[in-house]
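The values are calculated or read from the model by the stated rules, or taken from the named source; none is laboratory data. In this text the structure is predicted, and so the values were computed from the model without any measurement. In this analysis, Cβ positions are derived from the backbone assuming ideal geometry, glycine residues included, and neighbour counts consider all displayed protein chains. Just so you know, the surface numbers come from the protein's heavy atoms only, side chains and all, with ligands and any DNA or RNA stripped out. Shrake-Rupley method; radii C 1.70, N 1.55, O 1.52, S 1.80 Å.
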Amino acid sequence: MTADGVLVINHDPSYHGLSIEKTNYSDLLSFPLSNGEKLPTLREYILAGLDNNTSTQLVCEIKTSDISKERAELIATQVVQQVQELNAQQQVMYISFDYVILKKIKSLDSSASTQYLEADKAPEALLIDQIDGLDYYYQDYKKHLDWIANAKKNKMILNAWTVNKSADMDWLLANGFDYITTNEPELLLQKIELSRQ
């Protein structure tokens, strides 16, 4: 969320060297994206994602606030409100490294799909707070093999990031992961097709 309260889409907490949280949206617009478009707002992202879409889910990662936990909760609140205003609840899943943000989302919408990104909690801990799934770096699962079985036993979502090597994809597919985040979607789709034969 920008300094003036605009929810924007960007992978990093800074944009062209400017802290998004400490910069007004109009100042960020001075720097177009590499394709010439402007930095998109969350509203624009959701509307584009909903357009002619009946099957693809939108993943909304809410970044932690460097300013305060209160601001993080405010951002979570405003994101959930915007998703609800656009009737996009069924197509949006929330992920975050900030546990406070996920708990806030669940307090606002108990049916929201949430996944935690920081591999510092076992499935049982997430279950207590009604967090729906684990979305951990794929190597962390190899250090905690029991987390896979425990998550499945508790009907939790299993997701892994960012998986680009063939052997790692094979391992996750063999272990029944629900989602795999990758920069190589074509390769992963081929693997999924082969696993179904």
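Each label point was placed 7 Å from the Cα along the Cα-to-Cβ direction; for L187 and S68 their separation is 4.5 nm. Largest accessible area first, the listed residues S19, S26 line up as S26, S19 when surface is computed with a 1.4 Å probe on the assembled protein chains.
Spacing of the modelled spin labels on T77 and D129, each 7 Å from Cα toward Cβ, amounts to 1.8 nm.
I'm a student and want to see the number: the projected area of the Cα convex hull of the stretch 107-197, averaged over all directions, in nm².
Details: hull surface 25.2 nm².
Result: a mean projected hull area of 6.3 nm².
Amide H to amide H, with H built 1.01 Å from N, S14 comes under 5 Å of I20, counting only residues 5 or more places away or on other chains.
Near Y136, the amide H atoms lying under 5 Å from its own belong to N159, W161; only residues 5 or more places off or on other chains count, and H is placed 1.01 Å from N. Karplus-derived 3J(HN,Hα) values for the stretch 70-76, using 6.51 cos²θ - 1.76 cosθ + 1.60 with θ = phi - 60°, are 5, 5, 4, 5, 5, 4, 4 Hz; glycine and proline are entered as x.
Can you give me the long-range amide H partners of T182? Hydrogens built in the peptide plane at 1.01 Å from N, cutoff under 5 Å, separation of 5 or more residues or another chain. Here the answer is V163, since their amide H atoms fall under 5 Å of that of T182.
Calculate, for N164 and H144, the FRET efficiency according to 1/(1 + (r/R0)^6) with r their C-beta to C-beta distance and R0 25 Å; round to the nearest 0.05. Computed FRET efficiency for N164 and H144: 0.70. Note that the chain presents 55 Å² accessible area per residue, ligands and nucleic acids not counted, probe 1.4 Å.
Inverting the pair-averaged 1/r between distinct Cα atoms of the stretch 53-179 gives 15.2 Å as its Kirkwood hydrodynamic radius. In plain terms, if you count all Cα to Cα distances in the stretch 19-85 and split them into 5 Å steps from zero, the share in each step is 3, 13, 19, 23, 22, 14, 5, 1 percent. Ligands, DNA and RNA aside, L117 has an accessible area near 10 Å² when probed at 1.4 Å.
Applying a threshold of 28 Å to the alpha-carbon distances of K153/K191; K22/K104; K63/K191; K69/K152; K104/K153; K106/K165 flags K63/K191; K69/K152; K106/K165 as lying beyond it. If you sort E44, E193, E186, E21 by accessible surface, 1.4 Å probe, largest first, the order is E186, E193, E44, E21. Ignoring aspartates and glutamates fewer than eight residues from K103 along the same chain, the ones with Cα atoms less than 20 angstrom from its Cα are E61, D66, E70, E73, E118, D120, E124, D129, D132, D135.
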